[in-house]
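Beneath this line is the structure, given in C-alpha cells, with notes to follow.
The values are calculated or read from the model by the stated rules, or taken from the named source; none is laboratory data. Just so it is clear, the model here is predicted, and its values are computed rather than measured. Positions of Cβ are backbone-derived with ideal geometry, glycine not excepted, and every protein chain shown enters the neighbour counts.
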Amino acid sequence: MLFSRNNDRQKRQRTKKYPYDKMMTPFDKLKSIPNAKKHLKANITFEILEAQAMKMTGNQAAELFQEERLKLFNQIFGQNKKRA
C-alpha cells in the first residue's frame with residue numbers, strides 16, 4: 001500500500017507524492033508510528049499481531065478474503081431471492 005507524503009508548494013497548493021521506497025503494508029505503517037503500542041488494545045501486543053501476520057502469505061490471505069466475501073454476498077443475495 002502506498003502512503004502519501006504532502007508537499008506544500010505555495011500557500012494554497014498542496015501536492016501528494018507516493019514514493020515507491022515508502023511502500024508498506026498497513027501493519028508495517030502501524031509499527032512505524034512513534035509510540036504505536038498505545039494505539040493497541042490492552043491485551044494485544046505486536047508479537048501477537050506479528051504471529052498472526054506470519055500464519056499465511058499475502059496471496060493466501062487475499063484468496064481467503066475473496067472466498068469469505070463470496071459466501072457473505074451469496075448469503076445476503078440468497079435471502080433476497082427467497083423473499084421475492
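Quick notes
- Going through (1) part of a loop (DSSP other than H, G, I, E, B); (2) modelled with pLDDT under 80 one by one, Q79 falls short only on (1).
- When the test is whether a residue is surrounded by 11 or more Cβ atoms within 10 Å (Cβ to Cβ) and out of contact with any His (no Cβ under 9 Å at 6 or more places or on another chain), F27 passes it.
- The set of residues from region 10-43 being within 14 Å of the chain's Cα centre (by Cα) and outside any helix (DSSP H, G or I) comprises M23, M24, T25.
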